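As structure tokens, the structure follows; a few thoughts come after it.
Computed from the coordinates by the stated procedures, all read-outs in this text should not be read as laboratory data. Given the structure is predicted, the values throughout are model-derived calculations rather than measurements. Ideal geometry is used to build each Cβ from the backbone, glycine not excepted, and the neighbour counts take in all protein chains shown.
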Amino acid sequence: MAGTDKSQLEEDESTPETPSLAVILVEPQMGENIGMASRAMLNCGLTDLRLVRPRDVWPNPKASNAASGADVVVDGARVFETTADAIADLSVVYAATARPRDMIKTVMTPRHGVPNLRREAEAGQACGVIFGGERAGLHNDDVALADVVLQAPLNPGFRSLNLGHAVLMVCYEWYQATNSAPGEFLTEVHTRQATKGELVNFFERLEGALDDSGFFHVLEKRPVMARNIRNIFQRSQLTEQELRTLHGIVSALIMPRNV
């Protein structure tokens, strides 16, 4: 449950206009894997789970335990007798499989295909992705029901994924298709990033201390060396608190010592 914010979860669930994706697990064997798939789905804001002929009894307490709090997915899962029944209300269906098939099908990677699927959903189409069971994957008859095959470009010598991993890979690409989170940001906690004025003040004080210590003993090289030192600190994205600590270090180093 680490990283879970229940208030955000409730907010996401209250926006029916957000496009959804049905996740269909065909002949899943282990309740634990269904639970981990459910957990992967909710991580990406998805709740429509459909099961086709699960091997073990359903509801399954092992699924609930493995879901680690994704109860809305597990409790809402629907069971169907056939794959055709499970996708009957869907307009666009992709099949996730690593095995080559003797049929003419468009094959896409999750990175390319899932955003395309999301655009279909945003246009009003009901969409879903079918996944095969742990033992044998999808049957050819199931793949034939799909519009597109999703195939991840993994190690060709070893493409064996846990069911939960496969579901997460697809659901992650679904979520990322419209995710606006920055690729990188600085966690500042109770401080802020130092201003350029504060940085320059520190640089000048540090360089003055280095002048006094004789560090810049080759005067012609001083400008280049000073710029290199400044660039070291610039790359560190120093916070105001870190800058005060550095000022304290300089003060301690220049302070006269009692012999």
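Could you order the peptides 106-112, 85-91 from most to least packed, using the average number of other C-beta atoms within 10 Å per residue?
Top of the packing list down: 85-91, 106-112.
Please tell me the relative contact order of the chain in percent, rounded to the nearest whole number, where contacts are Cα pairs under 8 Å and at least six residues apart.
Relative contact order of the chain: 20 percent.
Output ³J(HN,Hα) for segment 23-34: one whole-Hz value per residue in order, computed from phi by the Karplus curve 6.51 cos²θ - 1.76 cosθ + 1.60 with θ = phi - 60°, and x for Gly and Pro.
These are the phi-based 3J(HN,Hα) values: 10, 10, 9, 9, 6, x, 9, 9, x, 4, 5, 5 Hz.
Would you indicate which of [x] 56, 21, 17; [y] 25, 23, 18; [z] 34, 20, 14 is the value of semi-axes √(5λ) of the Cα gyration tensor in Å derived from the coordinates of this structure?
Calculated semi-axes √(5λ) of the Cα gyration tensor in Å: the matching label is [x].
Give me the percent of DSSP beta bridges within the chain that run antiparallel, rounded to the nearest 5.
Percentage antiparallel, nearest 5: 10.
Within the set of other residues whose C-beta is less than 12 Å from the C-beta of SER236, count the net charge using Lys and Arg as +1 and Asp and Glu as -1.
Computed value for this residue: +1.
Is the shape of segment 196-254 best called rounded, prolate or oblate, per the rule: a/c under 1.5 gives rounded, else a/b larger than b/c gives prolate, else oblate, with a ≥ b ≥ c the square roots of the Cα gyration tensor eigenvalues?
oblate
Using amide H atoms built 1.01 Å from N in the peptide plane, name the residues 5+ places from THR239, or on other chains, whose amide H lies under 5 Å from its own.
Counting only residues 5 or more places away or on other chains, the set is ALA194.
Near the amide H of GLN151, under 5 Å away, which other amide H atoms are found, from residues 5 or more places off or on another chain, if H is placed in the peptide plane?
The answer is MET108, THR109.
Per-residue counts of other Cβ atoms within 10 Å, averaged by peptide: what ranking do you get for 202-213, 243-254, highest first?
202-213, 243-254
Residues with beta-carbon under 12 Å from that of GLN176, excluding GLN176: net charge, scoring Lys, Arg +1 and Asp, Glu -1?
Charge balance near GLN176 sits at +1.
Based on the mean of other Cβ atoms within 10 Å per residue, sort peptides 214-221, 132-139 so the most packed one is first.
By packing density, highest mean first, the sequence is 132-139, 214-221.
For every other residue with a beta carbon closer than 11 angstrom to the beta carbon of ASN162, add +1 if it is Lys or Arg and -1 if Asp or Glu, then tell me the sum.
Residues near ASN162 contribute -2 overall.
Considering amide H positions built from the backbone, and no H for Pro or chain starts, which residues 5 or more places from ALA126, or on another chain, come under 5 Å of its amide H?
HN-HN under 5 Å from ALA126: SER91, VAL92.
With θ taken as phi - 60° and the coefficients 6.51, -1.76 and 1.60, list the Karplus ³J(HN,Hα) couplings across segment 113-118 in order, rounded to whole Hz; mark glycine and proline as x.
x, 5, x, 5, 5, 5
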